[in-house]
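The values are calculated or read from the model by the stated rules, or taken from the named source; none is laboratory data. Please read all numbers here as calculations on a predicted model, not as lab measurements. FYI the Cβ positions are ideal-geometry reconstructions off the backbone, even for glycines, and counts take in every protein chain you see.
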Amino acid sequence: MSWPNFFTFLRLLLTPIFIICFMNRHLGIATVTFLMAGITDGIDGFLARRLNQKSSLGACLDPIADKLLLSSAFVLLAWYRYIPSWLAVVVLSRDVFILLGVLLFFLFNISFEVKPSLLGKATTVTQILTVFIVLINVQIHFSSFQMLVPIGIYATLFLTIISGSHYGFKGYKIMTKVL
């Protein structure tokens, strides 16, 4: 197994640990687990490029690992009312929208490359940072973190909508060329 795929698998394993810790109110451990999982997202991509170890498995598993981690985090944070529920709906809707596009491509036998855009990467980083800031704020009410929460929420909202629209537009262009 390559190092990038190892870190992707690690993120997949850390996600249920994060969920269990969060639901059992072990917020410190949940925060550290989430942070470790978020860091693996950067490490796997960096190593794949640096070591020239990009793989089809990694290209498929990495976005799945991201979506599982972030969807879980946003649902939990909304369920416990640490973030507005509409933000979780927007984040989940974008991911479902993207997955439905991939399913359509598969059903119509349209070949495509699984390649995140720069905007998609920025959205993922912003979502990770927002979850981390909210988790820290829930435990320690520092005024600096309290001020960052609404910034993170609205930055996540903006980038999630823009990147979802961007992926939709790219998918539409591919579909109209082929069909």
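Suppose the filter is assigned to a helix (DSSP H, G or I), modelled with pLDDT under 95 and of a type outside the set (D, E, K, R); does Gly28 pass it?
no
Can you confirm whether segment 63-82 contains a residue that is in contact with a Pro (Cβ under 8 Å, 6 or more places away or on another chain), closer than 20 Å to Lys170 by Cα and not small (Gly, Ala, Ser)?
yes
Each row is one residue, and each column tells you yes or no for (1) within 22 Å of Ile64 (Cα to Cα); (2) surrounded by 15 or more Cβ atoms within 10 Å (Cβ to Cβ).
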position	(1), (2)
Phe108	yes, no
Gln127	yes, yes
Thr130	yes, yes
Ser143	no, no
Gln146	no, no
Leu159	yes, yes
Ser163	yes, yes
Phe169	yes, no
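For segment 65-86, state whether one or more residues are surrounded by fewer than 17 Cβ atoms within 10 Å (Cβ to Cβ), among the polar types (S, T, N, Q) and in contact with a helix residue (DSSP H, G or I) (Cβ under 7 Å, 6 or more places away or on another chain).
The answer is yes, given that some residue of segment 65-86 is surrounded by fewer than 17 Cβ atoms within 10 Å (Cβ to Cβ), among the polar types (S, T, N, Q) and in contact with a helix residue (DSSP H, G or I) (Cβ under 7 Å, 6 or more places away or on another chain).
State all residues of segment 39-62 that are assigned to a helix (DSSP H, G or I) and touching a Ser or Thr at 6+ places or on another chain (Cβ under 9 Å); if no residue qualifies, say none.
Thr40, Asp41, Asp44, Leu47, Ala48, Leu57, Gly58, Leu61, Asp62 - these are the residues of segment 39-62 that are assigned to a helix (DSSP H, G or I) and touching a Ser or Thr at 6+ places or on another chain (Cβ under 9 Å).
Those residues that are without any contact (Cβ under 8 Å) to a residue 60 or more places away in the chain and among the β-branched types (Val, Ile, Thr), I need them from segment 1-35; list them, please.
Thr8, Thr15, Ile17, Ile19, Ile20, Ile29, Val32, Thr33
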